[in-house]
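Comments concern the structure below.
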Amino acid sequence: MDNILVERREEKDASISLIRMVAMSFIIICHIFQTYGNELAWWFNVGVQIFLIISGYLYSKKDYSKESPLNILKKQFKKILLPYYLWLPIVIVLYSFLCPQYLSFTRIIKYILCCGVLEGQEHFWFITYILFCYLVTPYLYWIKSLASPLAKTAMASSSWSGMSTFWLPKPRGSVSALWSNVTISSVFSACSTN
């Protein structure tokens, strides 16, 4: 019995690793094409979203009953925000000397609150999405505990519609915004149908 579980786990890990490798390749190819101004970059601009889907899938398999939602959030937010806030003062100081035209009080506040990015720091767009996913994980765990699959799907879909409309910023470009919506909807679906 234990051998079967180990084999199945290795299979899952191998398939997840393969998907991660594809996603990483898409990110590299996308950046190469963007560097040369090639329109094909937008076809490969889904790597980060694939990583978000994988994270949603893996987080939906975890057991959160042993830890309080607040402890989960503290741990996850610290993991993401500590490096972010260590980088923030460096960026602000550099910008104040090198390109002060991009700094304003409003932009800095948005950057601190993870509600926007500074010019040249657009690659941090995903921070808001990761924090959002961590924020809703305890809620999704509760939805997962509901008995009816229809109730799970309805609760997850209606929650996503409301939260995405009012809270999440949309990345530039309709393709990115579309994929962001598809990504997080997939996370909700994975959690609601288990």
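Cα-based Rg of the stretch 17-77 per 2.2 N^0.38 Å, rounded to two decimals?
Working: Rg = 16.2 Å, N = 61, 2.2 N^0.38 = 10.5 Å.
It is 1.54.
Local charge sum around S68 (other residues, Cβ-Cβ under 11 Å, Lys/Arg +1, Asp/Glu -1)?
Numbers: positive: K66, K74, K75; negative: E67.
With Lys, Arg at +1 and Asp, Glu at -1, the net is +2.
Direction-averaged shadow area of the convex hull around the Cα atoms of the stretch 8-125, nm²? Before the final figure, lay out the partial values.
Values: hull surface 40.7 nm².
Taking the Cα atoms of the stretch 8-125, their convex hull projects to 10.2 nm² on average.
Where a number appears in this text, it was derived from the coordinates with a stated rule and is not lab data. Bear in mind that the values here come from a model prediction, so they are computed numbers and not experimental data. Methodologically, a virtual Cβ is constructed for each residue, glycine included, from the backbone with ideal geometry; neighbour enumeration extends over all protein chains shown.
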